[in-house]
Structure formats: C-alpha cells, structure tokens
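Read through the structure below, which is laid out as structure tokens, and then see the notes.
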Amino acid sequence: MFASHLPRKNMNLDINERQTLIRGLGLIAAISVIIGNVIGTGVFLKARVMTCNVGSPTWVIVAWIAAGLLSLAGALTYAELTAMKPEAGGEYVFLRDTYGKLSSFLYGWMQIFIARPGSQAAAAVAFAIGLNDFLDNKLAATIGTIPLGSTSIEITTLQLVAVMVIVIFTTLNCASVTLTGQIATVLTFVKMALILFVSIGAFVLVSGNFSNFSMLNSGGTCEGVAAAVTVGSPTYTFLGGFAAAMLGALWGYDGWNNLTFVAGEVKDPNRNIPLAIIGSTILVIVLYVIANVAYFYVLDPTTIASVSKNSSVAKVVVSMFFGGNVASIATGAAIAFFTVGLMLSSLGTLHTSLMSGARVPYAMAKDRLFFGTFAKLSINSVPVTSVLLMGVAIILALSGSFDILTDYVVFGSWVFYALVTSSIFLYRRKYPELARPYKAWGYPVVPVIFLIVAGWLLYTTFSNDLPLMTEGLASISAGNVGGLKSIGKTSSFAGSLLILLGLPVFYYFNSKRENLPEGEDQA
C-alpha cells in the first residue's frame, strides 16, 4: 500500500534495486577473469623496452620477478579485503568504507576515464598490430589527420580496426555474466597455450645460447623509448631505468585485482576469491619468467633492443623456429599461429577488462555518486549502460600509441592500488567484527613492503617525466599548442591531471545527493 503512494520514478528505482547481480562465476571462471586480463600483450611486447631500460638480460628478469612479487603482495592483501566484502565494485567499496566518498569517487573516475579505457584501447591497438602483421602490413594506411595546433594526430586503418573490436566486445559484454565468463575461460586457455608455445619452441626448435645472459645491450636502436630511461644516454640513471622497466613489467601483470570488481557475481566467494587471486598471480609470475628466459636464450640483448616497436620480441623468436627459414611452410605456420594467438590474447584482455570495469560506474551509481542510469540492470542482470560507458576506449584507441596508453594505465592504477592496500589497516582497526574467511599472509609486513615499493615507483616515474613536462610547458608558454602533446606523453603528470579533473564532478554529484529528500538516499 505504501508503494502505491510513491512517485512513479521511485517505484521504478525500487524495482531495479530489488533486481540484483547473479553469482554465476565459478572458480575456473574467476581464475579466467584474472588471468584473462593479466596475460595480454605485455609479456610479448615489453621485453624490448625493458632491455633498453636496464641493458642486461639478468636485470630484465629481475624486473619481471620484482614486479610479480609486488603484484603478489598486493594480491595477498586484496584477497582478505575481497573475501571480507565480496561486493560489485571491489576497490571502490574498500575506499568508500575507509577513506570516504571523495577517494572512492576519484578512484571510480580514474577507472572510467583512464585505467579501463587505456587498457581496452591498448588491447585493441595490439590486436590491430597483430592483424596488420598477419596481413603483411596491408592495414597500415593513413586515412586522414586531425589538426592539433602546430601538430596533428594521424588516423589510420589500424585505429579503425581497434575501434571496431571495441564495439564488438562491448556488445558481447551486454549478454549474461555466465556467457561472458565462458568466453573469458576459452580465451584464457588460448593465452596460456600461446606463452607455452613460444617458450617451449624456443628451447626445442632453436639453437640458442645461455651465454646471451652475460651480454649487454650495445647500440640497440630502442625505437620510441625515452632517452632519459635508455641505457647509454647522458641523463640515464640505473634507478630511473629500473623503475621504467618495472613500469613496463607491471603492465604485464596489471589485472591481478580484476576479480574484486565482479566479486558480487562469484559463487562461494569466501573460498573461490582468495584461491583465484593468489593462485592466478603465482601462475602468471612463473609463465612470464619462463617466457623471458626463452627470449634471451634465443636472442642477444642488442637484437632484442633493436626489434621494431610495431612488432614483438616473441614474434622474432617464433620466426627462428625450424631453422629460421621464413619461406618454409613450418616456420610460416608457426608465425601465423603466434600472430593469431596474440590477436586472440589481446581480445581476451579487452573482453575481461570491459566485463570487470563496467561494475565500477554501476557501484558509483548505486551510491548516487554517478548518473542513476548506470545502476540499472538488464533482464539478464547485467549493468548494460555501464558496459556501454566503457566504450569511451574508442577515443583513446584513435591515439594508436601502445606504450603511452599502457604507462597511463599503470601509473593511474598504482596510485589507487597503494590506497586500497593501505585500507586493510583501517579495516582491521575500524571493523574488527567483520568475518574474514581469509587473512592476508605476512600481515602487516607484506602490505607495508607493497606500499614502500609502490611509493618509490610513483616518485621515480614523476622524476623521469619531469624533463618532458618542462619541455611541454615551455613550448606552451611560447604559444605552441603542440606542447600539449609532450605533456600527454608524461604518464605521471597527465595522469594526475586527469584524476584531479574529477574533483568538480564529485562535488556536483555529492551536492545533488545531499539535497535529496530524507530517506530517498537509502535504496
């Protein structure tokens, strides 16, 4: 009876509030959500840049292990938080409960406009690069340019291909969570098979040499790598170079936290969430180290540093299978298998990133800190409008720059990874009564180590970006709008600016929320 006297808009809200997310993801699907997003393109594309950053195969491997252990330290902490509060939105919820609405809103803003679009665009661009390789460079045609002051952005068919795959997988993610979980599982097995194919083939089908590990990069072209973080440049420092290599490796591991976003859709969350988060991270570390050892077994550091930025070290290794005769049927088939596998791996990353990222605007809208339409669920209990919002990756895909996109994602994400990890201390103090099916191993030492290393990484990234930032500001002050392009290449300064742009938006939504009639703020 009471409901009949409510305004119609509140009746519709009430109906939608009673419709909830469905727990349709089992343990295998949960693992696939993580591995499907973690294993994408980084392990195949970042070895070149990392070799330029540190020069030595040994230090490249150390950077991969260090980044993996850092991710594992975060995963151990996240496992406790997520099992304790298995709700949609994950990190957004943790920040809201401990640091308040402003921090959680800025996190959600960063996910919606930096991390998710950047990750999705990078995966789509990687797919386009793989397809271009498969078609023998027939897609790399320029369609036109977009003027930007004294410079311009070139539009190519590669970028249009990237846009199309984003559209296709955005549509797929509007289906039921069970179907999207099944797609994630299939593509995850493809990713793992591709790493094993390259790694085992390198040791079995190529006459490599472990003496490559005693060599250094000497004269490698290092195409597109910033001089400040390239071995041999006058401004180079080892700590700066190693931090840049870590940033590249962390892109390869990015996604270890993805299950937190869909925690509200995992079956038996108390058991499956910790198992999936910790087990997946350890498995990926092992696979990545094996793959990079295989690269340096086949190729010396200078050769790896000289690989084109539009190709991958893994593809060069595969091209040496069966004697390296690219005209042979066997070698051609191996290259084709790898290229198609890399394309599917990119699509898997795109798919799981769309799937998990859409739950952030959903959680924000449920808290009335975002437009209410993003809190609505479809008949299949999927936040379709939130999925469609993730399609803003289309804009970033037009930039076509893989390495810049990935650096944006890693920097913006790790600012909040550190904040979320620190929330475990507040949870333990403020909410000791909450059930904790899993407690973080090594607490409090492991979370503290994570925070120290994350802080060092962010600080060093700022330091490395400072010369480029200064150059851009000087160019703008001289009346050259093209200086914006230089600033856009600084992941730390540009990323921080994009996050801070969320402040006025937060105050707008928060003021609307506070002006609601009493009781209407409670769903």
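Considering only residues that are surrounded by 20 or more Cβ atoms within 10 Å (Cβ to Cβ), in a helix (DSSP H, G or I) and out of contact with any Ser or Thr (no Cβ under 7 Å at 6 or more places or on another chain), which ones fall in segment 317-333?
Going residue by residue through segment 317-333, those that are surrounded by 20 or more Cβ atoms within 10 Å (Cβ to Cβ) are 317-318, 320-321.
Still in the list and also in a helix (DSSP H, G or I): 317-318, 321.
Residues satisfying the conditions are V317, V318.
Check whether at least one residue in segment 145-160 is at pLDDT below 85, at positive phi and not hydrophobic (A, V, I, L, M, F, W, C), and report yes or no.
yes
Residue under question is S280, and the condition is that it be touching a residue at least 40 places away in the same chain (Cβ under 8 Å), over 16 Å from V204 (Cβ atoms), in a loop (DSSP other than H, G, I, E, B) and out of contact with any His (no Cβ under 9 Å at 6 or more places or on another chain); does it hold? Don't jump to the end; show me each part of the working.
Details: touching a residue at least 40 places away in the same chain (Cβ under 8 Å): yes; over 16 Å from V204 (Cβ atoms): yes; in a loop (DSSP other than H, G, I, E, B): no; out of contact with any His (no Cβ under 9 Å at 6 or more places or on another chain): yes.
It is false that S280 is touching a residue at least 40 places away in the same chain (Cβ under 8 Å), over 16 Å from V204 (Cβ atoms), in a loop (DSSP other than H, G, I, E, B) and out of contact with any His (no Cβ under 9 Å at 6 or more places or on another chain).
Looking at V161, V190, V198 in this structure, which one is without any contact (Cβ under 8 Å) to a residue 40 or more places away in the chain, of a type in the set (V, I, T) and either within 25 Å of V318 (Cβ to Cβ) or not in a helix (DSSP H, G or I) (or both)? Working first, answer last.
Details: V190 fails: without any contact (Cβ under 8 Å) to a residue 40 or more places away in the chain; V198 fails: without any contact (Cβ under 8 Å) to a residue 40 or more places away in the chain.
Sole residue among the options that is without any contact (Cβ under 8 Å) to a residue 40 or more places away in the chain, of a type in the set (V, I, T) and either within 25 Å of V318 (Cβ to Cβ) or not in a helix (DSSP H, G or I) (or both): V161.
Out of segment 334-373, which residues are in a helix (DSSP H, G or I) and free of Cβ contacts under 8 Å to residues at least 40 places away in the same chain?
Taking segment 334-373 first, the residues in a helix (DSSP H, G or I) are 334-357, 359-366, 372-373.
Of everything in segment 334-373, those that are in a helix (DSSP H, G or I) and free of Cβ contacts under 8 Å to residues at least 40 places away in the same chain turn out to be I335, A365, T373.
Condition first: in contact with a Ser or Thr (Cβ under 9 Å, 6 or more places away or on another chain), without any contact (Cβ under 8 Å) to a residue 24 or more places away in the chain and of a type outside the set (A, V, I, L, M, F, W, C). Can you find one or more residues in segment 205-219 that meet it?
Taking every residue of segment 205-219 in turn, at least one turns out to be in contact with a Ser or Thr (Cβ under 9 Å, 6 or more places away or on another chain), without any contact (Cβ under 8 Å) to a residue 24 or more places away in the chain and of a type outside the set (A, V, I, L, M, F, W, C).
Consider only pairs whose beta carbons are under 7 Å apart and that are at least six residues apart or on different chains; among these, list those whose first residue lies in segment 288-311 and is touching a residue at least 12 places away in the same chain (Cβ under 8 Å) and whose second residue is of a type in the set (K, R).
Filtered contacts from segment 288-311: I304/R48; A305/R48; V307/R48.
Kindly indicate whether any position in segment 307-314 is assigned to a helix (DSSP H, G or I), at pLDDT 85 or above and crowded, with 20+ Cβ neighbours inside 10 Å. Walk me through it before giving the result.
The first filter runs over segment 307-314 and keeps only residues assigned to a helix (DSSP H, G or I), leaving 313-314.
Checking the rest, the ones that are also at pLDDT 85 or above come to 313-314.
Checking which are crowded, with 20+ Cβ neighbours inside 10 Å leaves us with 313-314.
For segment 307-314, residues assigned to a helix (DSSP H, G or I), at pLDDT 85 or above and crowded, with 20+ Cβ neighbours inside 10 Å: present.
Can you tell me which condition S176 does not meet? The list is (1) in contact (Cβ under 8 Å) with a residue 60 or more places away in the chain; (2) of a type in the set (S, T, N, Q); (3) surrounded by fewer than 22 Cβ atoms within 10 Å (Cβ to Cβ); (4) within 17 Å of T349 (Cα to Cα), and all the others hold.
Of the numbered conditions (1) in contact (Cβ under 8 Å) with a residue 60 or more places away in the chain; (2) of a type in the set (S, T, N, Q); (3) surrounded by fewer than 22 Cβ atoms within 10 Å (Cβ to Cβ); (4) within 17 Å of T349 (Cα to Cα), the odd one out for S176 is (4).
Would it be correct to say that A184 is of a type outside the set (F, W, Y), on the phi < 0 side of the Ramachandran plot, surrounded by 24 or more Cβ atoms within 10 Å (Cβ to Cβ) and part of a helix (DSSP H, G or I)?
Here the answer is yes, as A184 does meet what is asked.
The values are calculated or read from the model by the stated rules, or taken from the named source; none is laboratory data. What you are looking at is a predicted structure, and each value in this text was computed from that prediction instead of being measured. A quick note on method: Cβ atoms are made from the backbone with ideal geometry, for glycine too, and the neighbour counts reach across all protein chains shown.
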